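Below is one structure; the comments refer to it alone.
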Amino acid sequence: MKTRVTDLLNIDLPIVQGGLAHLAYAELAAAVSNAGGLGQITAMSLPNEKALRQEIHKVREMTDNPFGVNFAIGQHGRPFEHMVQVAVDEQVPVISVTGGNPKPVLEMFKGTETKKLVLVAAKRQAVKAEELGADAVMVVGHEGGGHLGRDDIGTFVLTPEVVDSVNIPVIASGGVSDGRGLMAALALGAEGIEMGTRFIATKECVHAHESYKQSLLEANEKSTVLIKKSIGAPARALKNSWTDQILELEEKEAGYEGLKNYISGEANKRYIYEGKQEEGFAWAGQVAMRIRDVPTVQELFDTIKEEVEQIKTKWNQ
C-alpha cells in the first residue's frame, strides 16, 4: 500500500503507532516497525537524556527499519530541549510532536534528514504546523484516547477538513483500530493512520498490566470519559471510580492545584503498571469497544491487511 506517508517515512504500511506515555518503549516500537509500520518511543516518559539514548539504541538493536521518537511537550512547562537534542544527535529517522507548540522542536531539526510529524486537533493547528516545517500532520478527533483538542470534533469530520487545508500528507487518528478504519481514513483523503489504544492491547506492549489490557477487552460505548476539560486540557480515559473523583473535583472548580495528585503520571502508572484500577487512571480512546483480542503486532498487521484486501474486493464488485 503506497501513499505519500509510506514514501515519506520509508515504511510498507501507512500505520503509525502513537506515543503512548509510559508504554511506548523499544519492544513495542520495534515490533511495529518490523511489521511494516512506524513504531515510536515516548521520550518525555523517560527520566533523562541517558535513558532516552539507551532506548534509541535498544530499538536499533531490535529493528533495521525506520522508527520515531515522540515528544509530548505540553506538560506544564517541563523542559524538553535537552531530550530533543538527544534525538538530533542520534539522527533518528522520525520525530513527532504532541501536546504543545511544536515550533521550538521543529527548529532544532532544521537542516537534518529527520522527518517531522505534528499531532493536531484543529484545522488552524494543521495550517500552522505546515508553515513551521512539519512534513506531515496527524489529526486526532474527539474519539481518541489521551489528550485531545478542545473543540469536540470527530475524526470523520476533522480529517477531510484538514486534508483540504494543507498540502502535506495527513494521518488520521482517533477511533481507528483495524482495516476498515484505515480504508475509511484513505477515503477521507488521509494517507495513513495513527493508532494508540489498539497497540496497548498487543503482546509487545509489555509494560501494560494485564488487567489494563483486560479492561480494554471488556470496554463498551460507555467505558471512556473526558477528564481535565475544566483546566483546558481535555483527555479521554477509561471510566472508573478514580475518574469519577476527578470529575467531581472539576465540578467544584478545583483547578490544576486541586487536581494534580489525581491526574499525575504517578496515578497513571499505578493503574497501567501495577493494575491498581481504583487508585489511578488509564488513557483509552472510544475505539476500546472495538478491541476483541490481544494479538502480536504482526498478527494485528496481518489482520489489517486481510481486511483491506476484503474491502478492495468488495469495492471492485
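Summary of computed values
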quantity	calculated
Distance between modelled label sites at Glu90 and Lys103, nm, 7 Å Cα→Cβ extension	2.8
Two-site FRET efficiency, Ala254 against Arg150, from Cβ-Cβ distance with R₀ of 22 Å, rounded to 0.05	0.70
Full-extension gain in nm, Lys110 to Glu279, via 0.36 nm per residue minus C-alpha separation	56.5 nm
Net charge of neighbours whose Cβ lies under 13 Å from the Cβ of Ser264, counting Lys and Arg as +1 and Asp and Glu as -1	+2
Using θ = phi - 60° and Karplus 6.51 cos²θ - 1.76 cosθ + 1.60, couplings along the stretch 103-112 (whole Hz; Gly, Pro as x)	3, x, 5, 4, 5, 5, 9, 4, x, 9
Intensity falloff of the stretch 1-59 expressed as log10 I(q)/I(0), Debye formula with alpha-carbon point scatterers, at q = 0.18 Å⁻¹	-0.61
As computed over the chain, the Cα convex hull volume per residue (Å³)	120
Förster-model FRET efficiency, 22 Å R0, Asp64 and Lys312, C-beta, rounded to 0.05	0.15
Magnitude of the charge dipole, the stretch 224-283, Cβ model with Lys/Arg +1 and Asp/Glu -1, debye to 20	260
Dipole moment magnitude, nearest 20 debye, the chain about Cα centre, only Lys, Arg, Asp, Glu C-beta charged	260
Given charges at beta-carbon only (K, R positive; D, E negative), |dipole| of the stretch 124-167 in Debye	120
Where labels lie 7 Å past Cα in the beta-carbon direction, separation of Asp302 and Asn220 in nm	3.3
Longest site-free stretch - the chain; sites: GluC sites (Glu not before Pro), DSSP loop, at most 16 other Cβ within 10 Å	114-217
Net charge of neighbours whose Cβ lies under 9 Å from the Cβ of Val105, counting Lys and Arg as +1 and Asp and Glu as -1	0
Long-range amide H partners of Lys276 with built H, under 5 Å	Tyr271
Globularity index of the stretch 224-283, i.e. its alpha-carbon radius of gyration over 2.2 N^0.38 Å	1.00
Least to most buried among Ile73, Ile95, Ile171 (fewest other Cβ within 10 Å first)	Ile73, Ile95, Ile171
Chain lengthening between Lys203 and Ser165 when straightened (0.36 nm per residue, less Cα-Cα)	9.9 nm
Whole-number percent relative contact order across the chain, with pairs defined as alpha carbons under 8 Å at least 6 apart	16
Those trypsin sites (Lys or Arg not before Pro) in the stretch 226-304 that DSSP places in a loop and that have at most 10 other beta carbons within 10 Å	Lys252
Loop-resident sites, the stretch 124-195, for trypsin sites (Lys or Arg not before Pro), counting at most 13 other Cβ within 10 Å (DSSP)	Arg150
Convex hull volume per residue for the stretch 103-237, taking Cα atoms only, in Å³	140
Long-range HN-HN contacts of Ile193 with modeled amide H, under 5 Å	Ile15, Val16, Ala172
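Each value in this text was obtained by applying a stated rule to the coordinates, not by laboratory testing. Predicted model only: the values in this text are computed from it and were never measured. Cβ sites come from the backbone with ideal geometry, for glycine too, and all protein chains shown count toward neighbours.
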